[in-house]
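To keep things clear, I will list the structure first and then write my remarks on it.
The values are calculated or read from the model by the stated rules, or taken from the named source; none is laboratory data. Everything numeric here is computed off the predicted structure, so don't read it as measured data. Counting neighbours? That spans all protein chains shown, and the Cβs are built from the backbone with ideal geometry, glycine included. To get the accessible areas, we keep the full protein, side chains included, count just its heavy atoms, and leave off ligands, DNA and RNA. Shrake-Rupley method; radii C 1.70, N 1.55, O 1.52, S 1.80 Å.
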Amino acid sequence: MKKVQTIVLKEWAEVFRNRMVLFSVIFLPLLMAAIPLAIIFASRGSMTSEQYGEMPAQVETFCSAELSSGECFQVYMVSQFMLMFMILPLAIPSTISAYSIIGEKTSRTLEPLLATPITTFELLAGKSLAALLPAIAATYLSFGIFSLGSWLLIPNPTVFAAMMDPRWLIAVFLVGPLLSLVSVNVSVMISSRVTDPRAAEQLTALLVVPLLAIFFGQFAGFFVINRELVLAGALFLLLIDAILIFLSTQVFQRETILTRWK
Amino acid sequence: MIQTENLTKQFGSTLAVERLTLTVEQGEVFGFLGPNGAGKTTTVRMLASLISPTQGRAIVNGFEVGKQDDQIRRSVGVLTETPGLYDNLSAEYNLRIFANLYEVRDPAGQVEKYLRMLGLWERRFEPTATFSKGMKQKLAIARALLHEPKVLFLDEPTAGLDPESARLVRDFIAELRREGRTIFLCTHNLDEADRLCDRIAVFKTRLLVVDTPERLRQRMFGRKVVFHLRNPDEIMVAKIAGLPFVSEARLVDGRLLVTLDDPESRNPEIVRQLVMDGAEIQFVGELRYSLEEVYLRLVRNDSVPADGAAFVLKNGVEKKK
Ligand SMILES: Nc1ncnc2c1ncn2[C@@H]1O[C@H](COP(=O)(O)OP(=O)(O)OP(=O)(O)O)[C@@H](O)[C@H]1O
Ligand SMILES: [Mg+2]
C-alpha cells in the first residue's frame, strides 16, 4: 500500500505542473457547474409563470404536479445538463494518465521503476488512482458547487428537490467513478502505445461520444433517463470495468511495459 | 554471486544473447565488454529480473531468475543505461520515491547518506533538470544503492561523462568494491575495465572470453620482451630464436622482440646470450598491449585462442603502450 501511495504522490507532484492537467482538473469542473447555474439564473424570472402552457410529455416526466410549468421547464433544462457532469470523470483521468504514462516513457524512468520490488499491479494501481482520485474529487466538487449555487438561486424547495432527483445523485456519485475507471483503463492502454500525450487524450476523448449520444437522445425525446436506466448503466459500467482491469493485469507484465511502452 | 547457464534471449528473430554461461564471484568487479548491440543491456535486464530469459538459467545472489524475481529485485541495484530521473522533481524527492519502493528501513537516513557521499547534498532541493550529466549519473548511482544491494549492475556508468566526472564515478566504484559489493560493470571504456575489473568478459551475443585483464593480454599476444640494441643483426636474432623457451624472436624497427612464457626467470639468459654475441643493450622492457588491442582483436575475429596458447602475429607492427 505504501508503494501505491508513493506512486500516487509522485504522479501528482509531476503531473500537476502541467497546464493541460490543471486546466482539466480546475477549469473544467468550474465550467460544468457554471453552465446549469447560468440556465437557472437566466430563467429565474419565468419560474412561476404558466406561459409555457402544456408541456411536451418528455418534459412532464421530470416534474411532479406541484410545479408550475415554468418551474417544470427549468427543472427539465437543468436535468439535461446533469449529463454534462459525466464529462468530468471521462475527461480528467485521460488527461492525467496520458501525461503521467507518456512522461514516464519519454524520460525513460520506467526501467529504474521496474527494477524495484514494486509489482506491476501496484504500479498500475498507483498510476490509475493518481488519475482517478482527482477526477472523482473534481466531479463531486463541481456537483457540490452546482448544488450550493442552485440552492441559493432557487427559492422554491420543491423545485430544488426535483433537481436533486436520486437518478442524478446516482449518476454523479456512482456512475461518475465507474466512468472514470473506464477512462483510466482505456487511457493507460492507449498511452502505452502512443508517444504524444495529446494524441492519447484525443483518442480517449472518443469515450465522450456515447455520452453525447445519450445527451442528444434524451434532448430529442427518444428516451427519458430514469432511475432504472441509470442503475442499469452503473451495472453495465461495473462489468466493463471488471473486464478492463482483468485485461490490463493480463496485458501489462514487466517485460511488456519495459519493451513495448515506446 | 551470479551464475548463468546457457542464458539466452531472443527478440522475435533477433538473437540478443546466446547461451551465456558464466560465474561472477562475491566481491568481484566483473567487466562485461562488447560492441554496440552485443546484448550487454539485455543480459543485465535478465539478471535484474526485468525481462525473462528465453532459455537457460541464472542464479543471482542465491535466487533464481524467473522464479524468485521479487527477492532478486530486493537484493540487486541497477544503474540503467540512461539515468531516468524525474526531471521536475528534486534530487531528494527522486531518491525518496525509490527508498519507499525498495522499502528501505530508514529512508531519510539512507537518502542523506548517499546525497552526502556523492556531493549532492547542497543541491538536494533543486529539480534534477538543472543538474549536469555527471551529477545526474551520480544521483542515479545513489538511487541504485539506497537499499544497500549486495550485487550492483552498472550499465555504462561513465558513458558521456567528462574525464573529471568519469574519474569521480570510477573512484566511487572502487570504493564500492572495497565495501565488498559484487559489481557487474558493462562498459565500452577499456581503460576503465582494465583498471577497475578483477575479471573481464568479452561478449558479442556469445561469450568470447573471460579472464583477468593481465591473462587476457597474455592469451591473446603471449608475453613479449623488447630489447633495444645499438647494433642488432640477424645472427643474434637467430640465436635467440633458437633458445628452447623462446616461442618467437624478430626484429621490428631495429628492436628485438622476443615472445616467451616466463620472462621473469628467462630474461637473464637472453641478456647473457646477447652479450656473448656482442650485442650492446640499451634498454630492456616488457611490451604491454593495451586491453583495447586485445578487445579489438577479439570482437573483430570472433575467435578465441585456446587457453594459454600464444597467438602468433601475422604482421609484426605493434604499438607499444
Ligand atoms: N526490446 C527489444 N526488442 C527487440 N530487439 C531488442 C530489444 N532490446 C534489444 N534488442 C536487440 O538486442 C540486441 C542487443 O541489444 P542490447 O541493448 O542488449 O545491446 P548492448 O550491448 O547493450 O548495446 P549498447 O552498447 O549499444 O548499449 C540488439 O540487436 C538490439 O537491437
Ligand atoms: Mg546497452
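Go through the residues of the stretch B:264-277 one by one and say whether even a single one is buried (at least 19 other Cβ atoms within 10 Å of the Cβ) and assigned to a strand (DSSP E or B). Checked against the condition, which is being buried (at least 19 other Cβ atoms within 10 Å of the Cβ) and assigned to a strand (DSSP E or B), the stretch B:264-277 yields no hits at all.
The rows are residues; the columns are (1) at pLDDT 80 or above; (2) within 14 Å of another protein chain (Cβ to nearest Cβ).
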| site | (1), (2) |
| --- | --- |
| A:GLN218 | no, no |
| A:LEU231 | yes, no |
| A:ILE240 | yes, no |
| A:THR249 | yes, no |
| A:THR256 | yes, yes |
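Could you list, in sequence order, the residues of the stretch B:172-191 that are open to solvent by less than 50 Å² (accessible area, probe 1.4 Å), touching a residue at least 40 places away in the same chain (Cβ under 8 Å) and not in a loop (DSSP other than H, G, I, E, B)? B:PHE172, B:ILE173, B:THR182, B:ILE183, B:PHE184, B:LEU185, B:CYS186, B:THR187, B:LEU190 - these are the residues of the stretch B:172-191 that are open to solvent by less than 50 Å² (accessible area, probe 1.4 Å), touching a residue at least 40 places away in the same chain (Cβ under 8 Å) and not in a loop (DSSP other than H, G, I, E, B). Between A:LEU169, A:LEU178, A:LEU207, the distinction of being in contact with an Asp or Glu (Cβ under 8 Å, 6 or more places away or on another chain) and more than 15 Å from A:ILE96 (Cα to Cα) belongs to A:LEU178 only. For the stretch B:82-93, the candidate set comprises residues that are farther than 17 Å from A:ARG254 by Cα and open to solvent by less than 30 Å² (accessible area, probe 1.4 Å); within that set, the residue that is farthest from the other protein chains (Cβ to nearest Cβ) is B:ALA91.
Taking residues in the stretch B:1-22 that are more than 25 Å from B:GLY180 (Cβ to Cβ), and partners anywhere that are outside any strand (DSSP E or B) and within 9 Å of ligand 1 (Cβ to nearest atom), the pairs with Cβ atoms closer than 6 Å and at least 6 places apart or on different chains are B:LYS9/B:THR42; B:ALA16/B:GLY39; B:ALA16/B:THR42; B:VAL17/B:GLY39; B:VAL17/B:THR42; B:VAL17/B:THR43; B:GLU18/B:THR205. Among the residues of the stretch A:215-244, count how many are open to solvent by less than 70 Å² (accessible area, probe 1.4 Å) and closer than 30 Å to A:ALA125 by Cβ. Total meeting the criteria: 9. Residues that are at the interface with another protein chain (Cβ under 9 Å from one of its Cβ atoms), near ligand 1 (Cβ under 10 Å from one of its atoms) and not aliphatic (A, V, I, L, M) are absent from the stretch B:27-35.
So which residues in the stretch B:43-66 are of a type in the set (S, T, N, Q) and either more than 10 Å from chain A (Cβ to nearest Cβ) or open to solvent by 20 Å² or more (accessible area, probe 1.4 Å) (or both), if there are any at all? Answer for the stretch B:43-66, where residues must be of a type in the set (S, T, N, Q) and either more than 10 Å from chain A (Cβ to nearest Cβ) or open to solvent by 20 Å² or more (accessible area, probe 1.4 Å) (or both): B:THR43, B:SER52, B:THR54, B:GLN55, B:ASN61. Hey, could you check the stretch B:285-300 for residues that are in a strand (DSSP E or B) and surrounded by fewer than 17 Cβ atoms within 10 Å (Cβ to Cβ) and say which is farthest from the chain's Cα centre (by Cα)? Among them, the one singled out is B:GLY285. Checked against the criterion of being closer than 17 Å to B:THR182 by Cβ and either more than 11 Å from chain A (Cβ to nearest Cβ) or assigned to a helix (DSSP H, G or I) (or both), the stretch B:94-112 contains not a single residue that satisfies it. In the stretch A:103-114, the qualifying residues are those that are among the hydroxyl-bearing types (Ser, Thr, Tyr) and part of a loop (DSSP other than H, G, I, E, B), and the one that is nearest to A:GLN253 (Cα to Cα) is A:THR109. Note on the stretch A:144-161: among residues that are among the hydrophobic types (A, V, I, L, M, F, W, C) and either outside any helix (DSSP H, G or I) or touching a Ser or Thr at 6+ places or on another chain (Cβ under 7 Å) (or both), the one that is least open to solvent (accessible area, probe 1.4 Å) is A:ILE154.
When B:LEU115 is tested against the conditions (1) surrounded by 16 or more Cβ atoms within 10 Å (Cβ to Cβ); (2) out of contact with any helix residue (DSSP H, G or I) (no Cβ under 6 Å at 6 or more places or on another chain); (3) more than 10 Å from every other protein chain (Cβ to nearest Cβ), the lone failure is (2).
If the condition is being more than 10 Å from chain A (Cβ to nearest Cβ), open to solvent by 10 Å² or more (accessible area, probe 1.4 Å) and either assigned to a helix (DSSP H, G or I) or of a type outside the set (Gly, Ala, Ser) (or both), then the stretch B:138-159 contributes B:LYS138, B:GLU148, B:LYS150, B:GLU156, B:THR158. For the condition among the β-branched types (Val, Ile, Thr), more than 29 Å from the chain's Cα centre (by Cα) and away from ligand 1 (no atom under 16 Å from the Cβ), what is the one hit in B:ILE59, B:ILE97? Result: B:ILE97 is the single residue among B:ILE59, B:ILE97 that is among the β-branched types (Val, Ile, Thr), more than 29 Å from the chain's Cα centre (by Cα) and away from ligand 1 (no atom under 16 Å from the Cβ).
Within the stretch B:82-91, which residues are free of Cβ contacts under 8 Å to residues at least 40 places away in the same chain and within 16 Å of ligand 1 (Cβ to nearest atom)?
B:THR82
Of all the numbered requirements in (1) within 30 Å of B:VAL65 (Cα to Cα); (2) open to solvent by less than 30 Å² (accessible area, probe 1.4 Å); (3) more than 12 Å from chain A (Cβ to nearest Cβ); (4) out of contact with any Cys (no Cβ under 9 Å at 6 or more places or on another chain), B:GLY134 misses one, and that requirement is (1). B:LEU79 falls short on exactly one of the conditions (1) free of Cβ contacts under 8 Å to residues at least 60 places away in the same chain; (2) more than 7 Å from every other protein chain (Cβ to nearest Cβ); (3) closer than 23 Å to B:GLY27 by Cβ, and that condition is (1).
The single residue among A:PRO93, A:PRO117, A:PRO134 that is open to solvent by less than 20 Å² (accessible area, probe 1.4 Å) and not in a helix (DSSP H, G or I) turns out to be A:PRO117.
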